[in-house]
1. Can you pull out every residue in region 317-357 that is surrounded by 14 or more Cβ atoms within 10 Å (Cβ to Cβ), touching a helix residue (DSSP H, G or I) at 6+ places or on another chain (Cβ under 9 Å) and among the polar types (S, T, N, Q)?
2. Would you check which residues across region 1-33 are in contact with a helix residue (DSSP H, G or I) (Cβ under 6 Å, 6 or more places away or on another chain) and either of a type in the set (D, E, K, R) or free of Cβ contacts under 8 Å to residues at least 24 places away in the same chain (or both) and list them?
3. Looking only at residues in region 234-272 that are polar (S, T, N, Q) and part of a helix (DSSP H, G or I), which one is farthest from Asp385 (Cα to Cα)?
4. Where in region 299-398 are there helices (runs of 4 or more DSSP H), lying fully within it, with 2 or more residues that are more than 23 Å from the chain's Cα centre (by Cα)?
5. Quickly run through region 411-425 and pick out the residues that are closer than 15 Å to Leu452 by Cα and of a type outside the set (Gly, Ala, Ser).
6. Got a sec? Which of Asp328, Asp332 is among the charged types (D, E, K, R) and under 24 Å from Tyr398 (Cα atoms)?
7. Name every residue in region 216-231 that is part of a strand (DSSP E or B) and touching a residue at least 24 places away in the same chain (Cβ under 8 Å), in order of residue number.
8. Being within 20 Å of Asn372 (Cα to Cα) and modelled with pLDDT of 90 or more narrows it down to one of Leu290, Leu261, so name that one.
Amino acid sequence: MSRFIGLFTASEESLWQGVTALLSAGQTVYITDEHTLPQVRAALPVSDSVEVVSSAEVYLRELVVRARPVVESLARRLDELPPGPVTVFLEMTWAVRTPSGDIYLRELQEALQQLLAERPALTLVCLYNESILLEDQLLLGLFSHPVVYAQAGVCPNPYYLPPAIIRKNNAKQRFDYWLANIDPHRAAPTPSPAKDPVAEKKAYPVEKPFQKMVAQTAEGRWKIRCFGELRIHRENGELVDWNTKAGSTRKLKTIFAFLLLRGEKGATADEMADLLWPEAESEQQAMNRLYHAVRYLRAVLNGSATDTRQSSFVVQQSSIYYLRLPYDSWIDLPMFQELCFKGNQHLTDGNLEAGKICYESAERLYSGDLFNDIPLKYIDNNENDWCWSKRTWYRDMYHKLLYSLARIHRQMGNLAQAIAYADKTLDENPNLEEGHREKMLALAESGRIDALHRQYRIYAESRKKFNLGAPSDEIRLLYLNLSRNN
């Protein structure tokens, strides 16, 4: 479908050059996500036929982005336009802005192609910012468009895959389709119905898999949040209920979290028994308790107490337990990590707006320390540091995220927001020098000299309170320079 165009851009200049080249006669609707409405209006020709709307108006800023309300909203907007050709430009950075947006990116692209099939006068151009979108989101975008805009104009995309093939994620079907494009004598077979319910659920993964073991189940993807309280949402939005008539909820969550982080390595029964019941009177007693807990964990994940010995999600092979997840399940940890890395790279390169988008998206994912509701006695284990170091590492990333946002807002001139983020940093760790540094810089640029002096006193008193010694040379010299210049 040559009216479903992908435009991949690495700079503002290439974005507006491509958009301008793709403008055509008729009406134009530009749906902006990363740019403000005035920025887009300034970049496009002034015309009554050009309409600029926010992605929020078509439900692309929701916590859960669903294809149906987005497409229905877009269709209603198109129905209000005069008859004739319409070109819609859609900024795709919503997939990063919305924590769960990447889960439904594939479904939305398929729904948009269906909308195009129903409206022959419609052309839809998806705009992919290469510096903001995650790598797998860019790859999925490339697969989804039959044509892409390049320097030479609109070109056929040799890597295009029909929605039915993307949905099934069958390697042989991709091979057949691409080979048929090279050799016309090799006709690509039409994807056949899946022979098992698991294959029917498969789809091209947007998120890099956290672990590769997939459950043999017809159940749809889960959304697993590890930051803060451990939560599992089934595909229908239902929250997994950890409460059972027997079995400790905290122990069940600990087993799930432990196996999740162990991934393909799995864990032996001895490891889990030692972790949860180190004070058991005998090894047999600890093992009996473990088997009891695993049985109830299987019941929780299955959604019922039936067939707990034959679970698709907690399996035992050669005396090792493994956790298996429904295909294409989403986990917040890898997305948080990639967004932080991309935000840091943008900040290093001086790309403040892109860095802000990535860091703000990562901030929304971090709802508390890793597995915050698992008891400390299972986390702080000197013999088996399965979580404590990871929890500290993610927390440090979150702190860096906060003071980096303070720096970005300060450099963008948003001094009130810079101070707010510096305060959030110091609420997390009152001795974090980067937080004090950013707050003092923002206060100085705001002309609030009394507040600057007060902040330095707070910093010095905090170091004294926690026996950290005198102020560091860096912060002391910064304070002296700021005081002297003001």
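The values are calculated or read from the model by the stated rules, or taken from the named source; none is laboratory data. Being a predicted model, the structure only gives us computed values, none of them experimental. Methodologically, a virtual Cβ is constructed for each residue, glycine included, from the backbone with ideal geometry; neighbour enumeration extends over all protein chains shown.
1. The answer is Gln337, Asn344, Gln345, Asn351.
2. Arg3, Asp33
3. Of region 234-272, the ones polar (S, T, N, Q) are 236, 243-244, 248-249, 254, 268.
Next, from what is left, pick out any that are part of a helix (DSSP H, G or I): 249, 254.
Numbers: Thr249: 21, Thr254: 13 Å.
Across region 234-272, the extreme among qualifying residues is Thr249.
4. Numbers: elements: 332-349, 352-365, 376-379.
Of the helices (runs of 4 or more DSSP H) lying wholly inside region 299-398, those with at least 2 residues that are more than 23 Å from the chain's Cα centre (by Cα) span 376-379.
5. Narrowing region 411-425 to residues closer than 15 Å to Leu452 by Cα: 415-416, 418-420, 422-423.
Once the filter is applied, which keeps residues that are closer than 15 Å to Leu452 by Cα and of a type outside the set (Gly, Ala, Ser), region 411-425 yields Leu415, Ile419, Asp423.
6. Working: Asp328 fails: under 24 Å from Tyr398 (Cα atoms).
The unique qualifying residue is Asp332.
7. Taking region 216-231 and keeping what is part of a strand (DSSP E or B), we get 223-225, 227, 231.
Those that are part of a strand (DSSP E or B) and touching a residue at least 24 places away in the same chain (Cβ under 8 Å): Lys223, Ile224, Arg225, Phe227.
8. Working: Leu290 fails: within 20 Å of Asn372 (Cα to Cα).
So the residue among Leu290, Leu261 that is within 20 Å of Asn372 (Cα to Cα) and modelled with pLDDT of 90 or more is Leu261.
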